[in-house]
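Novice: Got a structure here, written out as structure tokens. Questions coming.
The values are calculated or read from the model by the stated rules, or taken from the named source; none is laboratory data. Everything numeric in this text was worked out from a predicted model, so none of it was measured. Here the Cβ positions follow ideal geometry from the backbone for every residue, glycine too, while neighbour counts run over all protein chains shown. Quick note on the areas: whole protein, heavy atoms, side chains included, nothing else; ligands and nucleic acids left out. Shrake-Rupley method; radii C 1.70, N 1.55, O 1.52, S 1.80 Å.
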Amino acid sequence: MRIHTFSILLLLACVSAVSACASPMAATGPDDREAIARNGFSADDVGYVLFDPDSGAMLAERQPAKPFVPASVAKLPAMAAALAVLGPEHRFETTLHVTGRLGNGVLDGDLILKGGGDPSLSSEGLAELLRDLGALGVTRVTGRFLYDTSALPELAEIDAGQPWTAGYNTGVGALSLNFNRFRFDWARPAAAGQPVRVSAWSVSDTGRVPLDSVTVQLGAGVGAAFTPLTATDGAAEGEHWRFAPQPGMAASLWLPVTHPGLAAAHVFRRLAAEAGIVLPAPAPGAVPPTATLAALHRSEPLEVLARQVLRYSNNLSAELIGLAAARQLDPAVRTLPESAAVLTAPAMLAAPRTDWTGLRLLNHSGLSAASRITPAQTMALIQGAGPAVLALLPGEDEGKALPPGVRAKSGTLAYAKALAGTLTTASGRTLGFAFFVTDEERRAAMDRTMDRRIAEIPPEARAWLARSRKLQADLLALWIAGL
């Protein structure tokens, strides 16, 4: 069977979550009603399954067939599928290529930096490439300096329903660097009549480099410090922001890179200058068949990267890994929804007894309030992931320790909380679980009034999430003690 058939089957199954049928309100297993009421939730907002991962026997459930927002729990099936498709030892490659002739330190030809979708590529990786280039004797390039992003589609953001300033909603592309974020620093003038000082930096573990692809236009504004400028505003390629300092705002902020290939190329050029190699300004291009490989940087194995994604929940890393795996199955994939469909389809076909109605995954990171999955579908995906993948799950939720014996992937969006993985009961049993709570009405109301210039979620949404975390803890305690 060819891969595009998988995609067709998935699209047929992904009907609207609104029309998907939900199971009866009553739950089986330990009585959860008091915990739900105590934390201020309606029973209709909560869904879960608790099951034996070996036999598939359901031990406790509430609304197992109702679709919920998965948030970052979507990273678990994405990493499982990517490991199955690419293999745990797969490494992403970033390469340097040259054309023309080299003599007396001068490359009379082109230098091409090609991205391979490495989600962990940092300034240190680029410096490694430059050391190899320097070892060849190159000090200057008379031709062009090109950057090649053809290995993956380049997208300006992960989800159009997120704030523009959200550092977790970055651009996506084959040449992504330092997690596609930049640090914006600003300072008020030291004296009257002097301008506000601003700077943009690409930051890695060992230092920072000025990011020349960012320009900032100073302006006045009320209620929002940053507004992105587009081509319709006369902006050229790169990152362009209108900045209006607000009272009490921090002096440093993280902002997303929306043109990752260009940004990485500019950082490479800066690092090259520090290494004594003079390059022209970067331009997009492709590695010609006649080019020679000059340097190669390889990532850590995919198994290591997947463990990091499941622990630290970096959205960009999940999307890059998912895209690479999906394009291995279907090279025609161009968008994140297409990629998620292709990567999920084999798992769906492997579990034909599961009702896949209502499943709607729009990307690999879970950064979308429009994605939907049921507890029962999550159960099937957990079982399909297998013990080797489940062993990669962390014992923490957003940096805070989970109860002993709980290893799970968490997910958090405003008015959506999820957790899925395994737990060990007081009697020593290892069980699988998937827990969701979503307030559809409040999330929809928030989205209708969203100002994309504002990254902070409303105080009432933060309070809702605090209650959802308490409910999550109460249910885990109930399951651990009672089964």
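Listed here are the residues, each with its yes/no results for (1) over 21 Å from Val49 (Cβ atoms); (2) in contact (Cβ under 8 Å) with a residue 40 or more places away in the chain; (3) in contact with an Asp or Glu (Cβ under 6 Å, 6 or more places away or on another chain).
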residue: Gly411; (1), (2), (3): no, yes, no
residue: Tyr415; (1), (2), (3): yes, yes, yes
residue: Ala420; (1), (2), (3): no, yes, no
residue: Thr424; (1), (2), (3): no, yes, no
residue: Gly428; (1), (2), (3): no, no, no
residue: Phe433; (1), (2), (3): no, yes, no
residue: Val437; (1), (2), (3): no, yes, yes
residue: Arg443; (1), (2), (3): yes, yes, no
residue: Met450; (1), (2), (3): yes, yes, no
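Novice: Then there's this: Is it the case that segment 462-476 has a residue that's surrounded by fewer than 21 Cβ atoms within 10 Å (Cβ to Cβ), in contact with a Lys or Arg (Cβ under 6 Å, 6 or more places away or on another chain) and touching a residue at least 60 places away in the same chain (Cβ under 8 Å)?
Specialist: no
Novice: Applying the selection to segment 283-306, what residues are touching a Ser or Thr at 6+ places or on another chain (Cβ under 9 Å) and either at pLDDT below 95 or more than 30 Å from Pro88 (Cβ to Cβ) (or both)?
Specialist: Residues satisfying the conditions are Pro284, Ala286, Pro288, Thr290, Ala291, Thr292.
Novice: What pairs come up if the first residue lies in segment 347-374 and is closer than 15 Å to Ala80 by Cα and in contact (Cβ under 8 Å) with a residue 60 or more places away in the chain, the second is charged (D, E, K, R) and in a loop (DSSP other than H, G, I, E, B), and their beta carbons are under 7 Å apart, counting only those six or more places apart or on different chains?
Specialist: Asn363/Asp159
Novice: Restricting to segment 306-323, give me the number of residues that are more than 22 Å from Ala160 (Cα to Cα) and open to solvent by 40 Å² or more (accessible area, probe 1.4 Å).
Specialist: Residues in segment 306-323 being more than 22 Å from Ala160 (Cα to Cα) and open to solvent by 40 Å² or more (accessible area, probe 1.4 Å): 4 in total.
Novice: Please indicate, with yes or no, whether at least one residue in segment 29-38 is open to solvent by less than 20 Å² (accessible area, probe 1.4 Å), modelled with pLDDT of 95 or more and not β-branched (Val, Ile, Thr). Spell out the reasoning first.
Specialist: We begin by selecting, within segment 29-38, every residue open to solvent by less than 20 Å² (accessible area, probe 1.4 Å); these are 32, 35-36.
Next, only the ones that are modelled with pLDDT of 95 or more stay: 35-36.
Remaining after also requiring not β-branched (Val, Ile, Thr): 35.
Yes: segment 29-38 contains one or more residues that are open to solvent by less than 20 Å² (accessible area, probe 1.4 Å), modelled with pLDDT of 95 or more and not β-branched (Val, Ile, Thr).
Novice: Which of (1) open to solvent by 20 Å² or more (accessible area, probe 1.4 Å); (2) touching a helix residue (DSSP H, G or I) at 6+ places or on another chain (Cβ under 9 Å); (3) small (Gly, Ala, Ser) is the odd one out, the single condition Ala295 does not satisfy?
Specialist: Result: Ala295 passes all but (1).
Novice: Counting only residues that are part of a loop (DSSP other than H, G, I, E, B) and among the polar types (S, T, N, Q), which one in segment 408-429 is most open to solvent (accessible area, probe 1.4 Å)? Talk me through it step by step, then tell me what you get.
Specialist: First pass over segment 408-429, keeping only residues part of a loop (DSSP other than H, G, I, E, B): 414-415, 425-429.
So of that shortlist, the ones also among the polar types (S, T, N, Q) come out as 425, 427.
Details: Thr425: 7, Ser427: 83 Å².
Of everything passing the filter in segment 408-429, Ser427 is most open to solvent (accessible area, probe 1.4 Å).
Novice: When segment 100-145 is examined, which residues are found to be closer than 20 Å to Arg270 by Cβ and among the basic types (Lys, Arg)?
Specialist: Listed by number, the residues that qualify are Lys114, Arg131, Arg140, Arg144.
Novice: Among the residues of segment 329-344 satisfying the criterion of being among the β-branched types (Val, Ile, Thr) and not in a helix (DSSP H, G or I), which is most open to solvent (accessible area, probe 1.4 Å)?
Specialist: Here is the first cut: in segment 329-344, the ones among the β-branched types (Val, Ile, Thr) are 333, 335, 342, 344.
Checking which are not in a helix (DSSP H, G or I) leaves us with 333, 335.
Details: Val333: 3, Thr335: 51 Å².
Applying the filter and picking the extreme gives Thr335.
Novice: Only one residue in Ala351, Ala326 is open to solvent by less than 10 Å² (accessible area, probe 1.4 Å), in contact with a helix residue (DSSP H, G or I) (Cβ under 7 Å, 6 or more places away or on another chain) and either at negative phi or of a type in the set (Asp, Glu) (or both). Which one?
Specialist: Just one listed residue meets the conditions, Ala326.
Per-residue answers, yes or no, for (1) open to solvent by 10 Å² or more (accessible area, probe 1.4 Å); (2) over 20 Å from the mean Cα position of the chain (by Cα):
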site: Thr357; (1), (2): yes, yes
site: Ile373; (1), (2): no, no
site: Gln377; (1), (2): no, yes
site: Gln383; (1), (2): yes, yes
site: Leu402; (1), (2): yes, yes
site: Gly405; (1), (2): yes, yes
site: Leu431; (1), (2): no, yes
site: Glu440; (1), (2): yes, yes
site: Ala445; (1), (2): yes, yes
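Novice: Tell me, which strands (runs of 3 or more DSSP E) wholly within segment 87-206 include 3 or more residues that are within 33 Å of the chain's Cα centre (by Cα) and either surrounded by fewer than 19 Cβ atoms within 10 Å (Cβ to Cβ) or not aliphatic (A, V, I, L, M) (or both)?
Specialist: Working: elements: 93-98, 101-103, 106-108, 111-114, 145-148, 181-187, 197-204.
Strands (runs of 3 or more DSSP E) meeting the threshold: 93-98, 145-148, 181-187, 197-204.
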